[in-house]
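Peer 1: Sharing a structure, written as C-alpha cells. Questions coming.
The values are calculated or read from the model by the stated rules, or taken from the named source; none is laboratory data. Owing to the predicted nature of the structure, the values given are computational and were not obtained by experimental measurement. Cβ coordinates were reconstructed from backbone atoms using ideal geometry, including for glycine residues, and neighbour counts include every protein chain displayed.
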Amino acid sequence: MIGGVLLQDMPPRAWITTALQWVRTIALTTLFLALGRVLDAALDEADTTGALILGAVAGAVAVTCSGIAAAVPPRLRAVEEQRWRGSGIRAALDRDPAAAASGASTGPARPTSPGHAAAVGGPPHGRTDGARPGAGPSGGRPGGGPPGGGRPGTGEADLLTGGVERIAEYRAEFLGPALAAFTAPALVLLMLGIFVDPVIAVVLLVLVLLVPVLVRFFLARFRGPTAAYRRLAGQATAKFQEVLRSLGGLVLLGAEDAGRRSVAEAAAALRVQAVALLKRSQLMILVNDALFSLVMITAAVALALWRFDGGMITAGGFLAVVLLATLLYEPIDKLGRSFYVAMAGRTQQGLFTQTLTTPTSTTSTTPSTTSPGAASADLPAAETPTETPTVTPSLTSDEPAPERAELLRLEDLGVERGGRSVLRGVTLSVPRGAAVAVVGPSGAGKSTLAAVLQGLFPAASGQLLLEGRPADSAALQQAAVTVPQKPFIFSGTVAENLRLARPEASEDQLWEALAQARLDAEIAAKPHGLDTQVGEDGGSLSGGQIRRLAIARALLSGAKLLILDEPTADLDRRAERLVDESLRSLAGDHTLVIIAHRLATTRWADQVLVLEAGSTAALGTPDELLAQTGYYAQATAGEGEDR
C-alpha cells in the first residue's frame with residue numbers, strides 16, 4: 001500500500017536519489033563487514049591488507065554517493081515547483097467561473113496537475129440550511145440539484161505559492177529517500193545473513209517490517225488533521241488578504257469589526273489545529289526514537305552477544321552486527337524526522353488536485369416544483385428573467401409630487417485637496433426618498449462630492465446639513481452607505497456577505513433585501529439558496545449579480561442615504577438593465593445619490609446635478625436638462641448615437 005503510494009507519486013528523476021542511496025548502503029555495509037574482517041585478522045595475527053583496501057574503496061564509494069545524492073533533490077525540487085505552479089496557474093486561468101458555480105459534472109475531471117492520471121474529487125459540498133423558507137431539501141426554492149454554487153475561497157494564492165513548495169519538497173526530497181529507507185534495510189540484512197549470521201538477520205528483519213506498518217498507521221491517523229490544518233491555513237491567509245484588500249469598503253459599510261472578527265476567528269481556529277498537529281508530530285518522533293533507536297540497537301547487540309557466546313559468530317562478526325544495526329536505524333530515523341514533510345506535501349498535493357482540476361462541464365437542474373425563480377434555475381445567470389419593477393413616479397410626472405422632508409442640504413459647499421479647490425459653491429437639496437444623479441465629464445468633481453457625502457473629506461467652505469443639523473464626518477459615515485464601482489465580495493456564502501451589514505439579520509430580512517435589489521429569484525434558483533458559495537472575489541457571480549448583491553447589503557444596513565458610484569459601469573446591456581431596474585424599484589422608499597457616466601440610467605432620477613470643473617453647471621429634472629443645450633443634453637444625445 002505504502003510502496004504503491006510512493007511509486008505513484010515519485011517523479012522519474014527521484015529514482016536517481018534512490019539508486020544512489022542503495023549504492024551507498026551496499027558500500028557502507030561492505031565497509032562495516034571489512035572492519036569486522038580486519039578485527040578477526042588482527043586477532044588471528046593474519047594479513048589485514050586486503051580487508052583494509054576493500055574498506056577504503058567502499059568508504060570512498062559511500063562518500064561519493066552521499067555527495068551526489070545530496071545535490072540531486074534541490075535541483076529536482078526547482079523543476080517540480082515550476083511544473084506544478086505552471087499547471088496550477090493554467091488551470092486557474094482556464095477555469096470557467098460559471099461552470100464552477102454549478103458544481104455538477106457530466107464526466108471525469110480533466111487533470112492538469114503533473115504526475116496524475118485523474119483528478120481527485122471536487123470542492124466540498126456547501127450547506128443546505130440556507131434555503132428560502134418553504135424550499136425543498138436541496139436548498140433555495142423547491143427543486144433539486146447538485147451541490148455547488150461556486151467554489152469556496154480556500155486560498156488559491158497560498159496553494160500556488162507555499163502549497164506548491166511543500167508539494168515539491170515532498171516529491172523531490174522525501175519520496176526518493178523514503179523509498180530507499182524502506183528498501184535499503186533489506187540489502188543490509190541480506191548481506192548480514194550471507195556474510196555474518198542468518199539467524200540475526202531474520203530476527204532484525206521482523207523489527208524492520210514494523211516500519212511500514214507503523215508509517216501506514218500514522219499516515220491514516222494524521223491524514224485528516226493535516227488536511228484540516230492546511231485548509232485552515234489557506235483560509236486564514238485568504239481571509240487576511242481579503243480583509244486587507246477590502247478595508248476601505250469595510251469602513252464605508254461600518255463593518256470593520258466584522259472584518260476584524262473574521263480574521264481573529266480564522267487565526268484562532270488555525271492555532272488550535274496547529275497545536276494538535278504539533279502534538280501528533282512529536283508523538284511520531286517519540287515512537288520512532290523509542291522503538292527503533294532503543295529496541296533495534298539493543299536487540300542487535302543482545303543477539304550478537306548471544307550468538308558470539310554460542311560460538312556462532314566471531315569477534316569481527318560481533319562488531320559488524322553492532323555497526324550494521326546503526327546502519328539499519330539511519331534511514332528509519334531520517335524517515336521519522338521527515339514524516340511531517342510527507343504529511344504536509346501529500347495533503348497539499350490532494351488539495352491542489354481537488355481545487356485546480358475541477359471539471360468544466362455542468363448539467364442543468366430541472367426543478368420538480370414550479371415557483372418564482374425555480375423556472376429559471378437552468379438558465380445562465382446573465383439571462384435569468386427578473387420581475388418587472390414598479391417605477392416610482394419622478395418629479396416630471398403630470399401629478400404633483402407630495403412634499404418630502406429634507407434629508408440632506410449642501411449650501412455653497414467647497415472642497416480643497418492638496419491646496420487646490422476641487423469643488424466650489426455647490427448647493428443642493430436632497431429630500432427623503434429622492435433619487436439624485438450626479439453627472440459630468442471626467443475630473444468634474446463627482447467622486448470628490450461622493451467622498452464628502454460619505455464623510456471621508458471635510459468641507460473647506462459652506463455647510464453640509466443632515467436632517468437640518470450640521471453634519472460632521474462621524475454623522476455622515478453613520479448615515480450613509482456606499483456601493484462602490486467595484487464592490488468587495490468576500491469568499492463565503494451569500495448570507496455571510498449580506499450579514500456584514502447587519503450580523504444579527506434573520507433569513508427573512510436577507511431575502512427581503514435581496515427582493516428589493518431584484519436578486520432574490522436568482523439566488524433562490526441556486527441549489528443552496530443563501531448558503532451558495534460566491535467564490536473568491538465573487539467569482540461564481542456575474543457582474544450584475546455582484547452589484548445587486550452589494551445593493552442588497554447596503555439596504556440591509558438601514559442607512560438613511562445610499563451612495564452608488566457608477567453602479568452600471570463595465571456591465572453589458574442586459575446586466576445594466578437589471579441593475580437599473582433594481583435602483584428604480586428603490587426610488588421613493590430610499591434616498592439615493594448616484595454618480596453616473598451612463599446618462600441613460602439617470603432618466604428616472606428626481607434631480608440631476610451637472611458638475612463641470614468643480615462647479616454646478618446645471619440642476620434640474622432630466623426633462624428640464626434635456627430641453628437645454630448643456631452637457632447633459634449633448635452627452636445623452638451622444639449616447640443615443642452610440643447605441
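Peer 1: Could you say which residue among Ala435, Ala471 is out of contact with any Lys or Arg (no Cβ under 7 Å at 6 or more places or on another chain), modelled with pLDDT of 90 or more and of a type in the set (A, V, I, L, M)? Spell out how you get there, then give the answer.
Peer 2: Working: Ala471 fails: modelled with pLDDT of 90 or more.
Selected residue: Ala435, the only one of Ala435, Ala471 that is out of contact with any Lys or Arg (no Cβ under 7 Å at 6 or more places or on another chain), modelled with pLDDT of 90 or more and of a type in the set (A, V, I, L, M).
Peer 1: Would you pick out the residues in the range 444-470 that are small (Gly, Ala, Ser) and touching a residue at least 24 places away in the same chain (Cβ under 8 Å)?
Peer 2: Pass one, the range 444-470, residues small (Gly, Ala, Ser): 444-445, 447, 450-451, 455, 459-462, 468.
Residues satisfying the conditions are Ala444, Gly445, Ser447, Ala450, Gly455, Ala459, Ala460, Ser461, Gly462, Gly468.
Peer 1: Give the number of residues within the range 569-589 that are under 28 Å from the mean Cα position of the chain (by Cα), without any contact (Cβ under 8 Å) to a residue 60 or more places away in the chain and within 28 Å of Leu476 (Cα to Cα).
Peer 2: The total comes to 0.
Peer 1: Tally time: how many residues in the range 586-600 are buried (at least 22 other Cβ atoms within 10 Å of the Cβ) and part of a helix (DSSP H, G or I)?
Peer 2: Qualifying residue count, the range 586-600: 2.
Peer 1: Residue under question is Gly535, and the condition is that it be farther than 21 Å from Gly433 by Cα and modelled with pLDDT of 85 or more; does it hold?
Peer 2: Values: farther than 21 Å from Gly433 by Cα: yes; modelled with pLDDT of 85 or more: no.
For Gly535, the condition - farther than 21 Å from Gly433 by Cα and modelled with pLDDT of 85 or more - is not met.
Peer 1: Name the residue, out of Arg37, Arg90, that is assigned to a helix (DSSP H, G or I) and modelled with pLDDT of 90 or more. Quick ask: steps written out before the conclusion?
Peer 2: Values: Arg90 fails: modelled with pLDDT of 90 or more.
That would be Arg37, the only listed residue that is assigned to a helix (DSSP H, G or I) and modelled with pLDDT of 90 or more.
Peer 1: Could you check the range 474-522 and list, in sequence order, the residues that are at pLDDT 85 or above, among the charged types (D, E, K, R) and either out of contact with any Gly (no Cβ under 8 Å at 6 or more places or on another chain) or at positive phi (or both)?
Peer 2: If the condition is that a residue be at pLDDT 85 or above, among the charged types (D, E, K, R) and either out of contact with any Gly (no Cβ under 8 Å at 6 or more places or on another chain) or at positive phi (or both), then Glu496, Arg499, Glu504, Asp508, Glu512, Arg518 are the ones that fit.
Peer 1: Only one of these conditions is not met by Ala186: (1) of a type in the set (Gly, Ala, Ser); (2) surrounded by fewer than 20 Cβ atoms within 10 Å (Cβ to Cβ); (3) within 31 Å of the chain's Cα centre (by Cα); (4) modelled with pLDDT of 75 or more. Which number is it?
Peer 2: (3)
Peer 1: So Leu555 passes all but one of these: (1) in contact with a His (Cβ under 9 Å, 6 or more places away or on another chain); (2) outside any helix (DSSP H, G or I). Which condition number does it fail?
Peer 2: Unmet condition: (2).
Peer 1: Return only the number of the condition from (1) buried (at least 20 other Cβ atoms within 10 Å of the Cβ); (2) touching a residue at least 24 places away in the same chain (Cβ under 8 Å) that Thr621 does not satisfy.
Peer 2: Against the list (1) buried (at least 20 other Cβ atoms within 10 Å of the Cβ); (2) touching a residue at least 24 places away in the same chain (Cβ under 8 Å), Thr621 comes up short only on (1).
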